[in-house]
């Protein structure tokens, strides 16, 4: 482009660096979750865990949540990042005779809906947290996923999660306040998994 490489332009370099960071973060989160799966025996049964050992039950429950969070987070990230990648190539980015990115974008949009769309999984995560709250408080789950039990802003996330899970978010009367809470739940879940990914990336680094 005008005798210079795309990566030599600050705006393009920023986009490419962001794409690389996102890929590394997603890969780190994936391997961390796979490590958890191996640690609990390499498989999960359907439904909420019923092991006799309380710590193993909690660990399997966190893994169940992580698998759902990974699905909705990485599929949406893939769509956003592929849109950015297409933009890096400008008009060529949307021409399938030049790039595979348009096909990958379609695949990512399909994957976001496959095995349950985002709204359904958000509902399932919410329902699971409500069902185990008596023996595994919501705040504890969020702190452990967000920061390994330490407080680097995880307490604020935990407090928000406790408030939202304590409401009739998915089965109560529908009004403006409930819709606002549903949007807040979506944002919280996204932030929670992003923190998990970033922590995994820092650990692998």
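The values are calculated or read from the model by the stated rules, or taken from the named source; none is laboratory data. All figures in this text were calculated on a predicted structure; none of them were measured in a lab. A quick note on method: Cβ atoms are made from the backbone with ideal geometry, for glycine too, and the neighbour counts reach across all protein chains shown.
So is residue 166 exposed (fewer than 15 other Cβ atoms within 10 Å of the Cβ) and over 30 Å from residue 20 (Cβ atoms) or not? Spelling it out, residue 166 is indeed exposed (fewer than 15 other Cβ atoms within 10 Å of the Cβ) and over 30 Å from residue 20 (Cβ atoms). Whether a residue is under 30 Å from residue 9 (Cβ atoms), in contact with a helix residue (DSSP H, G or I) (Cβ under 8 Å, 6 or more places away or on another chain) and surrounded by 15 or more Cβ atoms within 10 Å (Cβ to Cβ) was assessed, and residue 101 passes this test. Here is the figure for region 14-43: residues that are assigned to a loop (DSSP other than H, G, I, E, B) and surrounded by 15 or more Cβ atoms within 10 Å (Cβ to Cβ) total 1. Here 44, 48, 19 are screened, and the one residue that is touching a helix residue (DSSP H, G or I) at 6+ places or on another chain (Cβ under 9 Å), within 30 Å of residue 6 (Cα to Cα) and modelled with pLDDT under 95 is 19. Within region 60-87, being farther than 23 Å from residue 110 by Cα and in contact with a helix residue (DSSP H, G or I) (Cβ under 7 Å, 6 or more places away or on another chain) holds for 61, 62, 63.
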